[in-house]
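*Asks:* Quick one: the structure is below, and I'll ask about it shortly.
Please treat every number below as a calculation from the coordinates, not as lab data. Computed from a predicted model, the values in this text were never measured in an experiment. Positions of Cβ are generated from backbone atoms using ideal geometry, with glycine treated the same way; all protein chains shown enter the neighbour counts.
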Amino acid sequence: MGEKIIEEAKKVNLTELFYDLVFVFGISKITHILESLNEGIFSLKEIIIYTVVFVCFISVWNVQTVYMNRYGKHNLWHIIIMTFFQMPALAFMAANVSSDMEESWTAFTLALLWIVVIQFLQYIYAYMQNKNSEKDRKLIRDFFQLLFVGMSSIIVSLFLSGIGRILLTGFGFIVIILGANFFRKDMARVPINLPHLIERLTLFTIITLGEMLMAAADFFEIEKFSIYSVFGLFQVVALFLFYIAEFDHAINEELPCQSGAGLIYNHYFVWFGLNLCTIELDYANEAMGIARVIMMFLGLFLFYLGVFNNAHLNKKSHQLEKKLMIPFVLVYLLGLGGSFYFHNSISVATVLCTLTIILETVLFMSFVVRRFPKEIQEEIICP
């Protein structure tokens, strides 16, 4: 018989929530990297910086989250490590994020190196604390390798110049992300605390949605306000409802022996997607034409992909069916095609995009709710 190793949910502690606050600042700064428009087009350099910086920030958060999930405790040691040693470096990194980081990149990467070294030391501490568990020590040695690659790429990048050093730093963190896939068996032997991981991932998603909400709320100022301002807010609300339908209702938090890797990978798509939607909202009153439509619907595609890729973790009653996906894809394609056709009309494109998001949310939420027994349906809809 399979051993169900995770017996109870691990509580998200207040230090983790406080730690997240610096990422609110970071996500806000990252969103504004793509700010120099040239006829509705971002420069390749800006796109590279945006992608690498976003990956670095998310990866730092993920490494810390996974460590706290398996080995972290709400004690003075971990509080000091996360607040006094990591948060100042993260704040420094975020403060120096811009669309042109040629001058600040060295300082940015030195702060990043400091954080990765601290996280490496945390795993050394965990290695010493798990002397009697070979499966834990084996997994920790795996993380040693991944973090060493990250540290090495940062150190080597310090001796390069131009866009090459940015790409090398990004490459190192992509290795950390994808390299974890080679250690799935070891991770499954020391399962992730699934409820804790889901809660941490949803909290970070709320941060990215919060940035999108701020972009929409900016158009509620008197001189900018119109009916389309409300539509922008509706987009944020609908995406939030879509997300919680999956991660607050459909997903099965009691699955044993999960590595958590797939759940984390898929949230990269969710967060990148939401961030692209946020950037599109920042330029909601500008005639970006097709570029704006591409950004919004690419963001939506990544978001929906990230959410649906977790469907294999759903309760048996909530496994996705092809008959759901046909109308879902049809609505998306109609919204995309209509927005392309009316790309020169900000008002029409905004309405079409909002209707697309709302219809997709209605389709998915109705699927999720209908799969519950009637008494639970009534509680969800109107308790």
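*Asks:* Please label the shape of region 193-383 as rounded, prolate or oblate, based on the square roots a ≥ b ≥ c of the eigenvalues of the alpha-carbon gyration tensor (a/c under 1.5 means rounded; beyond that, a/b larger than b/c means prolate, else oblate).
*Replies:* Taking the square roots of the gyration eigenvalues as a ≥ b ≥ c, region 193-383 is prolate.
*Asks:* FRET efficiency for Lys131 and Trp77, Cβ-Cβ distance as r, R0 = 22 Å, nearest 0.05?
*Replies:* Using R0 = 22 Å, I get an efficiency of 0.80.
*Asks:* Stokes-Einstein D for region 1-191 at 25 °C, 0.890 mPa s, Kirkwood Rh over Cα pairs, in µm²/s?
*Replies:* Rounded to a whole number, D works out at 138 µm²/s.
*Asks:* Give me a comma-separated list of calculated 3J(HN,Hα) values for region 307-314, in order, Karplus coefficients 6.51, -1.76, 1.60 applied at θ = phi - 60°, integers in Hz, x for any Gly or Pro.
*Replies:* Going residue by residue, I get 6, 5, 5, 9, 5, 5, 8, 6 Hz, with x marking Gly and Pro.
*Asks:* Could you give the length gained on full extension between Lys11 and Val348, defined as 0.36 nm per residue of separation minus the Cα-Cα distance, in nm?
*Replies:* So the chain would gain 116.8 nm between Lys11 and Val348.
*Asks:* Return the loop-located GluC sites (Glu not before Pro) in region 189-286 (DSSP other than H, G, I, E, B) with at most 13 other Cβ atoms within 10 Å of their own Cβ; answer none if there are none.
*Replies:* Here the GluC sites (Glu not before Pro) that fit, given the DSSP loop and packing criteria, are Glu221, Glu223, Glu254, Glu286.
*Asks:* At 0.36 nm per residue, minus the direct Cα-Cα distance, what do Lys315 and Lys45 gain on full extension? Give it in nm, one decimal, please.
*Replies:* So the chain would gain 92.9 nm between Lys315 and Lys45.
*Asks:* Below 8 Å, C-alpha to C-alpha, sequence gap of six or more: please give me the relative contact order for the chain in percent.
*Replies:* Normalised by residue count, the contact order of the chain is 18 percent.
*Asks:* Tabulate in residue order the Karplus-calculated ³J(HN,Hα) for region 234-250, using 6.51 cos²θ - 1.76 cosθ + 1.60 with θ = phi - 60°, rounded to whole Hz; enter x for Gly and Pro.
*Replies:* 4, 4, 5, 4, 5, 5, 4, 5, 4, 5, 6, 4, 7, 8, 10, 10, 7
*Asks:* Once amide H atoms are built 1.01 Å from N in the peptide plane, which residues 5 or more positions from Asn314, or in another chain, come under 5 Å H to H?
*Replies:* The answer is Asn252.
*Asks:* Let me know the longest stretch in the chain that avoids all trypsin sites (Lys or Arg not before Pro) found in a DSSP loop with at most 13 other C-beta atoms within 10 Å.
*Replies:* 225-383
*Asks:* Now, a different point. How would the chain be classified by its alpha-carbon gyration tensor: rounded, prolate or oblate, with rounded meaning a/c under 1.5 and the a/b versus b/c comparison settling the rest?
*Replies:* Oblate shape, in that a/c is at least 1.5 and b/c is the bigger or equal ratio.
*Asks:* Residue-wise, which Karplus ³J(HN,Hα) couplings in Hz belong to region 84-93, taking 6.51 cos²θ - 1.76 cosθ + 1.60, θ = phi - 60°, and x for glycine or proline?
*Replies:* Going residue by residue, I get 7, 9, 9, 4, x, 5, 5, 5, 5, 4 Hz, with x marking Gly and Pro.
*Asks:* Considering only C-alpha atoms, what is the centroid distance from region 180-208 to region 325-353, in Å?
*Replies:* The two parts, judged by their Cα centres, are 34 Å apart.
*Asks:* Apply the a/c threshold of 1.5 to the C-alpha gyration tensor of region 107-230 and tell me whether it is rounded, prolate or oblate.
*Replies:* Oblate, since a/c reaches 1.5 and b/c is not below a/b.
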